[in-house]
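The values are calculated or read from the model by the stated rules, or taken from the named source; none is laboratory data. None of the values given here were measured: they were computed from a predicted structure. Positions of Cβ are backbone-derived with ideal geometry, glycine not excepted, and every protein chain shown enters the neighbour counts. Remember, those area values only see protein heavy atoms, side chains included, never the ligands or the DNA or RNA. Shrake-Rupley method; radii C 1.70, N 1.55, O 1.52, S 1.80 Å.
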Amino acid sequence: RKGGFDHYMLKEIFEQPQSFYETIRAGIDDNVRQMIMGADEITLVACGTSYHTTLIFKYLAESLCNISVRAEMGSEFKYFVPPLRGLVIAVTQSGETADTIAALKMAKARNCSTLAITNVQGSTVTRVADSTLLMRAGPEIGVAATKSYTAQLAALMQIVNLRCERAFDDVLSHAHLAIGDVLLYDVRDAVALCSKADHAFFVGRGAFYPVAMEGALKMKEISYVHAEGYAAGELKHGPFALLTPETPVVAICTPGPTYSVMASNIKEMKARRAPVIALGVDGDKELAEIVDIFIPIPNTHLLVQVLTASVVLQLLAYHTACVLQRDVDKPRNLAKSVTVE
Ligand code: F6R
């Protein structure tokens, strides 16, 4: 049933080109399209990995299409309801996460229009929301979300594309190829560093900050190595005290407005003797020279870099967990869906 893979998680990581492509291909129906086009403000609610996709969406939608977006954690939202207007989107792969559903019900009670992004047709969230945008990830058995995460990004990136007058049609219809290109990456050197560590940091800026948060979540969830996802510029405001030669920092540093400030952050971390594993674009020799381990991702559009960097971080967490002989598909203390608030 694992299709020749050692774990469901690895099988599901490898299914991502297809599940991403299928979600793009399914598109957005007219009803949902109208909701999205008519919204002045968008609020998203989600938990865990799904919350990270909403943060990525916020960075992309605000910077690329200038819409005002709020991303909220379901578990907080319920007790500290923000002023709500416009469209509220619940993002939940299972469609059963109690906190996310409770938040959506509150949005409904405040007369917001509501949309569910989920992987499970007929799940509770689809019965609460006015409309549903279905992801096409197929069943995910590993407890750690992998293909459901990238399928959520496929759904959310389509919303960005719609609001940007379909400027990214071409990028999105080819993104699965780039995801396929990174699946066989050899991350052994980085795994060797992480599997010896008790603590690690994952850092990035802009959309790569939530990508780093997700990389850290995946690492702690399945390998039990304590990992923190941080906005790169924040490390010097306290966490620098934790940097040692035994504390690897995984830094995502790709071309764009924050490249040079990221490169100087990396130098500051190196000066504190932390080993740095950098994800940068293929051919970036300058970056490769200043870090301990350089992992090149394809030099493509920002939207695609978000996807490929995320997949590389899934592989890093997966292989680290395997080296540490963890129960990859069923990490301790966790369940696939959290149906209590
Ligand atoms: C982590 C993970 C969880 C879920 C979270 C929300 O790998 O899977 O953090 O993302 O429990 O689940 P859904 O998306 O079903 O609402």
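Overview of values
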quantity	calculated
DSSP-assigned coil residues among trypsin sites (Lys or Arg not before Pro) in region 250-308, each with at most 11 further Cβ atoms within 10 Å	273
Whichever lysines have a C-alpha closer than 30 Å to that of residue 330, once near sequence neighbours (fewer than 8 apart) are set aside	2, 11, 78, 147, 196, 218, 220
Centroid-to-centroid separation of region 270-341 and region 150-223 [C-alpha atoms, Å]	8
Fully extended contour minus Cα-Cα distance, from residue 79 to residue 130, at 0.36 nm per residue	16.1 nm
Estimated FRET transfer efficiency when R0 is 25 angstrom, pair residue 68-residue 234 (beta carbons, to 0.05)	0.60
Sparse-neighbourhood loop sites, trypsin sites (Lys or Arg not before Pro) in region 128-167 - DSSP loop, at most 13 other Cβ within 10 angstrom	166
Top positive-direction residue, dipole computed over the chain with Cβ charges, set 274, 115, 31	115
Solvent-accessible area, 1.4 Å probe, carbon plus sulfur percent, for region 96-155	48
Charge dipole magnitude, Cβ of K and R +1, D and E -1 - the chain, Cα centre, debye nearest 20	560
Around residue 86: net Lys/Arg minus Asp/Glu count, Cβ-Cβ under 12 Å	+1
Length-normalised contact order of region 1-121 in % [C-alpha pairs under 8 Å, at least 6 apart]	24
Pairwise label distance in nanometres, residue 324 with residue 198, each label 7 Å out on the Cα-Cβ vector	1.3
Helix runs (DSSP H) in the chain reaching 30 Å along axis by Cα, Kyte-Doolittle at least -0.5	302-323
Burial order of peptide ranges 186-197, 124-135 (average beta-carbon count within 10 Å, highest first)	124-135, 186-197
Sites residue 33 and residue 332, calculated FRET efficiency, Cβ-Cβ separation with R0 45 Å, nearest 0.05	0.60
The chain: relative contact order as a whole-number percent, Cα under 8 Å and 6+ apart	19
The chain - mean residue ellipticity at 222 nm from DSSP helices (-39,500 (n - 2.57) per run, n ≥ 4, rounded to 500)	-14500 deg cm²/dmol
Region 64-141: chymotrypsin sites (Phe, Trp or Tyr not before Pro) falling in loop per DSSP and having at most 13 other Cβ within 10 Å	79, 80
For region 219-341, accessible area per residue (1.4 Å probe, heavy atoms of protein chains only), Å²	45
Around residue 101: net Lys/Arg minus Asp/Glu count, Cβ-Cβ under 13 Å	+1
